[in-house]
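Undergrad: Here it is, the structure in full.
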Amino acid sequence: MTQDEIFLRGEADAWYKRNAHKLSPGARRDNIAAKFLRRHRLTFKRVLEIGSTNGWRLEMMRKQKPRASYVGVEPSRAAVRAGRKMFPNITLLRGVASALPVKGAFNMVLVIFVLHWVSRGNLLASIAEIDRVTAEGGYLVVSDFLPRAPSKTKYAHLKRGVSTWKTDYGALFEATGNYRKIERLLFNYDTLKPADARTPERVRAVITLYQKKTGGGYTAAL
C-alpha cells in the first residue's frame, strides 16, 4: 500500500483531527502564501489548492478576491466534510495529487507543504498532474521543507513505514524549462520569519512563485 493510499484510507482523517483547531482563518496565526501573493498583486480567476485540508487558506484568499472561483483537493474525508460546512463558497473535492479529480486548467495553483507526504513512486505522477492543471501563463506556488540535502524522516504517528521526504520540489518544475521563477523565499517553518544560517534543518522551508511559460527556460543554440 502506498502512502497515498494509507492517507486516503484513514490517516488523513487522523491528521486532520489532530490539527483541525489550527486550520481556520481566525485560528491560523499567519498565512505566508497570502502575503506572498498580495505582494505581487497577481490577478487570477480560477484557483486550485492541492492538499487544501478544510479550505481555510482558500477562504482567506476568497475574502480578498471574491470574484474568483476556488477549488480544493484533499484526501481527508473529515476535512472535506467540515470545510463544506464552514466555507460554502469553496468547492472541496476528495483526492490526491497523483490523480486530481478536476478537469481543465487553473491560473493559480497552490501546493503548500504537500509533496513531502507523497509516495516516492507517485511523485513524478503528482508533478505531471500539477503541470496538467496549471494553465499556460498561470501561476504556481510551491512551498515545502528545504533541508540542505534531501532527507527522509519516519512518520511518528504510524508504524507502517510511512515517511516524510524533504527536498527542493521547486527544482523539479524548474528543470523542465517550463516554469519561470518570480520569487523564492526561505523561511523558518515555526516562526515564519526569514531563514538564516542558524535556522535548524527540521524547520528550514521555502516558498516559490512560478509562472508557467512552456519552453521559456530554453535559449536558442548558437
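Undergrad: Note the full-extension length gain between ARG132 and SER151 as 0.36 nm times their separation in residues minus their Cα-Cα distance, in nm to one decimal. Don't skip to the end; give the middle numbers.
TA: Details: separation 19, 0.36 × 19 = 6.84 nm, distance 2.74 nm.
Full extension from ARG132 to SER151 adds 4.1 nm.
Undergrad: Shifting gears a bit: Give the distance, in whole Å, between the Cα centre of region 105-126 and the Cα centre of region 164-222.
TA: Cα centres, region 105-126 to region 164-222: 14 Å.
Undergrad: To the nearest 0.05, what FRET efficiency results for ARG160 and LEU124 with a Förster distance of 25 Å applied to their C-beta separation?
TA: Values: r = 23 Å, r/R0 = 0.93.
Plugging the Cβ-Cβ distance into 1/(1 + (r/R0)^6) gives 0.60.
Undergrad: What does the extension gain come out to for ARG81 and LEU186, with contour length at 0.36 nm per residue minus their alpha carbon separation? If you can, show how the numbers build up before the last one.
TA: Numbers: separation 105, 0.36 × 105 = 37.80 nm, distance 3.34 nm.
Extending this stretch completely gives an extra 34.5 nm.
Undergrad: Kindly put ASP196, ASP144 in sequence by how many other C-beta atoms sit within 10 Å of each C-beta, fewest to most.
TA: On the way: ASP196 10, ASP144 23.
Ascending number of Cβ neighbours within 10 Å: ASP196, ASP144.
Undergrad: Take the alpha-carbon positions of region 3-212, form their convex hull, and give its projected area averaged over all directions (one quarter of the hull surface) in nm².
TA: Values: hull surface 43.9 nm².
Its Cα hull, projected and averaged over all orientations, spans 11.0 nm².
Undergrad: Any chance you could run the full-extension gain for GLU5 through ASN19? It's 0.36 nm times the residue separation minus the Cα-Cα distance, nm to one decimal.
TA: Values: separation 14, 0.36 × 14 = 5.04 nm, distance 2.01 nm.
3.0 nm is the gain from fully extending GLU5 to ASN19.
Undergrad: Here's a follow-up. Pop the C-beta distance of ALA220 and THR43 into the FRET formula with R0 = 30 Å and round what comes out to the nearest 0.05. Before the final figure, lay out the partial values.
TA: Working: r = 31 Å, r/R0 = 1.03.
Taking R0 as 30 Å, the efficiency between ALA220 and THR43 is 0.45.
Undergrad: Okay, moving on. Let me understand region 29-73 better: what is its radius of gyration from the alpha carbons, and its Dmax, in angstrom?
TA: Gyration radius and largest Cα-Cα distance of region 29-73: 10.0, 26 Å.
Undergrad: For a label point 7 angstrom out from the Cα of ALA171 toward its Cβ, which stretches of region 133-150 have the backbone nitrogen within less than 17 Å?
TA: Under 17 Å, as judged by backbone N against the label point of ALA171, lie 142-150 of region 133-150.
Undergrad: In which sequence would MET108, MET60, MET1 go, from the one with the fewest C-beta neighbours within 10 Å to the one with the most? Working shown, then result.
TA: Values: MET108 23, MET60 16, MET1 11.
Ascending number of Cβ neighbours within 10 Å: MET1, MET60, MET108.
Values quoted throughout were computed directly from the atomic coordinates according to the rules given, and no laboratory measurement underlies them. No experiment lies behind these values; they were computed from the predicted model shown. Cβ sites come from the backbone with ideal geometry, for glycine too, and all protein chains shown count toward neighbours.
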